[in-house]
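Here's the structure we're looking at; comments come further down.
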Amino acid sequence: MLSLSVVTLINILIIAAGIGICTLCLLQISASVHIRKEARRYFQLFFALILFYITAHLAREIMNGMPGNGIRTALYIVTFFEMLSAGWMSFMMSLLVLTVANPERSRKPFFITLFVLLCVHTVLMAAGSFTDLVFVFDTDNVYHRASGYLLSNLSPVLMLVIDMILLIRYRDRFHKQLKIAFWNYMIAPIAALVFQTLFYGVQFLILATIGAAVYMFGVILGRLNEQYEKQKSENSRIETELTMASSIQADMLPNIYPAFPDRPEFDIYASMDPAKEVGGDFYDFFLVDEDHLCMVMADVSGKGVPAALFMMASKIILANNAMLGKSPAQILTDTNAAVCSNNREELFVTVWLGILELSTGKLTAANAGHEYPALKHPDGPYELYKDRHGFVIGGMEGVKYKEYELQLQPGSRLFLYTDGVPEATSAEKELFGTDRMLAALNANLDMTPERLLKGVRNAVDGFVRNAEQFDDLTMLCMEYKGPSARSQTPSDN
């Protein structure tokens, strides 16, 4: 048998090493960016309990046999918390096993059982520690196990049995390495108790608990790192695909300017800035024939990839109907019928569509639940034209749309936009609004359509400052110069 002084020295060395190892683990947990917040808190608490347990044991080892009533009281308190923390460690371990096993129907009963065992352990330690039932200190303040010492292991052992049941019953849900780590954590203390019996007083149990816990944490951290790398790779793939989708979407919209360099009767410019990689807003403009320019401004419900796919389909349907020479009202009516015929996701799109007769300046338009256009007559300011709204495209079958006419004069301008402009929100949760939008337009009265849109965008950016963009921001401006502009164009020599 080892002498008491040597045993005490060995225990102090074991505990000191354990404190250092647990502290390093806590630092590793706190510094790791791969661990989710919930998992980080769990492991911080788990290793903090181990640290508390072995620190309490170290304090008992140091004070054991010291004279004085104050020391005696401190020994009882420290030993109580040492044994109490052992039960909490078992409870935390069981929670981890239960979380991984994830038994759907019996999760709650298992948790309640574990919690009851924890409460029983707490009550037994509180009642037994101060009645000399679990442990006792003799007149020399030397620690001895009492007759009811086994009660201190009752709840932890029962929790261990529950862990084994979960590991066996739900073994298919545990990764091979994780399964080995859990079994190691449960079996190592048993082997340590055998050695502790052979070499009485040496705390092999603490050594085994720390070693098994560190191994288990290493396995779990390795798995988390592996999952993180897989997720990182997957995110990179998704980001690449979204970038490609954004490029494809941008190419679907007119983006080469000047758009019609051989048509001096009008000037047109548009822009779309999605809130995400891809958006649901879209604009379009194209010549139906030599004398008719079709303009579209639309906003799909929702954001991201689903909205972008719906946007592309809607854009194609609208353009196909327009190229057949239909009126704006008929284009929206037929587009709504086509969208409603196969719209299981129940998405919808607001649309303003107008066809300008270039030779006369007559603009025929229809509105399917979209924002009011802003119109500027020659020598006048921009003002909202409050047209009559029809129902959104894709919202209901059988909707008939009505159209209206406007007469544009040379110098007239039309500004179209989506709700991302007036609903741009500042950090103070204040909306940009149509009043600020009109003010920005009227501050750039003589600008070209391209510079006008940039001026409005600058006004929006100055208003929202560093606030996040929550909605797509899409604008279009068309300046009508009239048929006389063609005759003023220098002819080729």
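Details
- Test result for G395, of a type in the set (G, A, S), buried (at least 23 other Cβ atoms within 10 Å of the Cβ) and modelled with pLDDT under 95: no
- Whichever residue in segment 425-459 is in contact with a strand residue (DSSP E or B) (Cβ under 7 Å, 6 or more places away or on another chain) and closer than 20 Å to A275 by Cα and, among such residues, is surrounded by the most Cβ atoms within 10 Å (Cβ to Cβ): V456
- Residue match in segment 123-134 (condition: surrounded by fewer than 20 Cβ atoms within 10 Å (Cβ to Cβ), touching an Asp or Glu at 6+ places or on another chain (Cβ under 8 Å), farther than 26 Å from F182 by Cβ and not aromatic (F, W, Y)): no
- Options A48, A56, A31; residue that is without any contact (Cβ under 8 Å) to a residue 40 or more places away in the chain, hydrophobic (A, V, I, L, M, F, W, C), surrounded by fewer than 20 Cβ atoms within 10 Å (Cβ to Cβ) and closer than 26 Å to I12 by Cβ: A48
- Filter result for R237 (within 19 Å of the chain's Cα centre (by Cα) and not assigned by TED's automatic domain parsing to the domain that holds I19): yes
- Segment 122-175, residues that are closer than 30 Å to I71 by Cβ, part of a loop (DSSP other than H, G, I, E, B) and touching a residue at least 12 places away in the same chain (Cβ under 8 Å): F130, D132, L133, V134, D140, N141, V142, A146, S147, G148, Y149
- All positions within segment 237-266 that are outside any helix (DSSP H, G or I) and in contact with a Pro (Cβ under 8 Å, 6 or more places away or on another chain): E265
- Residues being on the phi > 0 side of the Ramachandran plot and not acidic (D, E) are entirely absent from segment 339-359.
The values are calculated or read from the model by the stated rules, or taken from the named source; none is laboratory data. Keep in mind that this is a model prediction, so the values were computed, not measured. Neighbour counts run over all protein chains shown; Cβ positions are idealised from the backbone, glycine included.
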